[in-house]
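*Asks:* Take this structure, written in C-alpha cells, and hold onto it; I'll ask about it next.
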Amino acid sequence: MGQGLSCADRHGSGFFGALQNGEVEVVRAMVETDQSILHRTTNHRRSSALHMAAASGQIDILSLLLDRSANPDVLNRHNQTPLMLAAMGGKIACVKRLIEAGANILMFDSIHRRTCLHYAAHYGHSDCLQAILSAAHSTPVSDSWGFARFVNIRDGDGSTPLHLASRQSQPECVRILLNNGALVCVSTCSCPGSSPLHLAARGGSLECVRELLAWGADRFQFDSYGRIPFAVAVKHKHQACAALLNPSSPEPLVWPSPLKLIIELDPDAKVLLEKALMDANMEREKTILKETCITPPCPLQSDVDIDADVDNDLALEASDAELCCICFEQVCNIEAQPCSHRMCAHCTVSLCCHKKPNPTTACPTAPVCPFCRSSITQLLVAEVKSNDNADQEISPLKLKGSRTSNFNEENSSFKSLSALVGKLGEHDSGSLSSHKKGVTR
C-alpha cells in the first residue's frame, strides 16, 4: 500500500538511508549540496523523499524538505501523496505539517481510488481523521465540493469513510464521522450493497453497532442479498451484536440530530446529553443481553474505580443540589430556553427522543417544555443551585462519569443518597437513644 519503502537506487541510497534513520543534519547537508536530490525516487515504488519522511514519521526532515519548496502533493507509483501515507501510518505531526504546507486532501490514489480521509478511517487513526476534517472546513474543498459531500466521499468500491471505519471496527472514527455529518444509512455501490450497520455486524464490533444505532441506523435495511444486519451478525456468529440488532428487541434512543436546537447545541450541553443517551442505551443493552443469557462486556477495573469515585463525589454534591422535578433523582444540569426551566440531561434526552422525526417534514417539530408547554429553542448547561444560595457552575467533564438513574432503579447515585439518608437516620436514632438513657438515669 505504499508503506514498505525500499532504496534500490545505488546513487541515492545514502540520501534515503539517512532519511529513514532520521539523520537531519546529513539530509540537510546533502540537500544544500545538490537540490536535484529532492526529485529522486526509489526504483520500485517511485516514492520521493517526502513520501519516505511522511510514512516513517520523520517530522523534522519532512519540514526541512517542505521548506526547500518540495511539492506536498508529489505522487508515487500508485498516485499516493505523502499525506495519504502519513494518514495510513497515523503520523499526526506529519499530517498537520503537510496540511499546513497546502497538501490537497481531495486527491485519489490509483489502487482503490481512496483519499487521505478514507485511509485515516480505515486504519483507525482518529487524530489524523479529525485533523483532515478540520482542514476541510477551511480549504477550497469546502467551497468547491462542500463539507458534507467530502465527509461522505466514496472510493472505487462505493464505500464512504464511515463504511471503512465500521468494517474495520474503529468505533472512535465512527463516532467522529457521525458527529461530522456522515450518512448512517447509505449503502455501498458495489455488491453486496451493505450499510455501515451491516459491516459493523459482520465484524462483530459491539461499540460500532452501538454508535450507529444511536445515530439512527436502520435495523431493517436490506443489502443486495435481502439480508438485514441481524442476519449478517447471526451468520458470522456474533451473538451480542445479533441480540441488539434483533428486530424484536426494544428500539434504542436515537440522537435527535434533525432538531435545530441539537444542531446549534452548546458544546458543554452536548457532552452531557450524549453521555445521557449512551447511558440509556447501555441500560437497554444490558437488559437485552441478560434476557438472551449473554454476559455484557465488562469494563476495565480502572474505569470502574474511576466511575465509582465520580459517583461518590456526585452523590455528596447532589445532597445539596437541586434535583430534577421529573425523575427526582438526577441533578438539574440542563436549562431550556427561553423559559429557563431546568431538568436533568437524562430527562432532556428522553424529551427530545420520544418522537421520531418525520423524514417527509423539512423542519422537525421542536420539543416543548414539560412545565410550561412552550417550545424549546435552545439548551444550555445550567448552574447547580445549592441550599446555601451559592451558585456553582456545573462541570460537564465531571458529570460525564455519572451513571444513569432514571433508567436504572439501582443506580449508584441513588444508592449513595439512600446511604446518606440512612446514616443521618442512624445518627438521629443514636442521639435519641443516648438522650433516653440520660433521662432514665
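Here's the yes/no breakdown for (1) among the β-branched types (V, I, T); (2) open to solvent by less than 30 Å² (accessible area, probe 1.4 Å); (3) at negative phi; (4) at pLDDT below 95:
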| site | (1), (2), (3), (4) |
| --- | --- |
| G14 | no, no, yes, yes |
| D34 | no, no, yes, yes |
| H44 | no, no, yes, yes |
| A55 | no, yes, yes, yes |
| N76 | no, yes, yes, yes |
| T81 | yes, yes, yes, no |
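*Asks:* Of L261, L300, which residue is more than 25 Å from R219 (Cα to Cα), in contact with a strand residue (DSSP E or B) (Cβ under 9 Å, 6 or more places away or on another chain) and modelled with pLDDT under 90?
*Replies:* Answer to the check: L261.
*Asks:* A231 fails exactly one of the following numbered conditions: (1) among the small types (G, A, S); (2) buried (at least 24 other Cβ atoms within 10 Å of the Cβ); (3) at pLDDT 95 or above. What is the number of that condition?
*Replies:* Of everything listed in (1) among the small types (G, A, S); (2) buried (at least 24 other Cβ atoms within 10 Å of the Cβ); (3) at pLDDT 95 or above, A231 misses just condition (2).
*Asks:* Here's a follow-up. Identify, please: which residue in the range 90-142 is polar (S, T, N, Q) and closer than 16 Å to D155 by Cα and is, among those, least open to solvent (accessible area, probe 1.4 Å)?
*Replies:* T115
*Asks:* Would you confirm, using the coordinates I've provided, whether A49 is open to solvent by less than 10 Å² (accessible area, probe 1.4 Å) and in contact (Cβ under 8 Å) with a residue 40 or more places away in the chain?
*Replies:* Here the answer is no, as A49 does not meet what is asked.
*Asks:* Further, regarding this structure: Find the strands (runs of 3 or more DSSP E) located wholly in the range 320-421 whose residues include 1 or more that are loosely packed, with under 12 Cβ neighbours inside 10 Å and at pLDDT below 80, and list them.
*Replies:* 391-393
*Asks:* If the Cβ limit is 6 Å and pairs must be 6+ apart or interchain, which residue in the range 259-286 that is within 15 Å of Q337 (Cβ to Cβ) pairs with which residue that is assigned to a helix (DSSP H, G or I) and open to solvent by 10 Å² or more (accessible area, probe 1.4 Å)?
*Replies:* D268/P396
*Asks:* Right, next: R219: at pLDDT 90 or above and open to solvent by less than 60 Å² (accessible area, probe 1.4 Å), yes or no?
*Replies:* yes
*Asks:* Determine whether R149 is without any contact (Cβ under 8 Å) to a residue 60 or more places away in the chain, open to solvent by 10 Å² or more (accessible area, probe 1.4 Å) and either touching a Gly at 6+ places or on another chain (Cβ under 9 Å) or among the β-branched types (V, I, T) (or both).
*Replies:* Criteria not met by R149.
*Asks:* Next question. Looking at L62, is it open to solvent by less than 60 Å² (accessible area, probe 1.4 Å), in contact with a Cys (Cβ under 8 Å, 6 or more places away or on another chain) and modelled with pLDDT of 90 or more?
*Replies:* Yes: the conditions hold for L62.
*Asks:* In the range 269-283, how many residues are open to solvent by 50 Å² or more (accessible area, probe 1.4 Å) and either touching a Phe, Trp or Tyr at 6+ places or on another chain (Cβ under 9 Å) or modelled with pLDDT of 90 or more (or both)?
*Replies:* Total satisfying the criteria: 2.
The values are calculated or read from the model by the stated rules, or taken from the named source; none is laboratory data. Being a predicted model, the structure only gives us computed values, none of them experimental. We place every Cβ from the backbone using ideal geometry, glycine too, and count neighbours over all the protein chains shown. Protein only, heavy atoms only, side chains kept; ligands, DNA and RNA dropped before computing areas. Shrake-Rupley method; radii C 1.70, N 1.55, O 1.52, S 1.80 Å.
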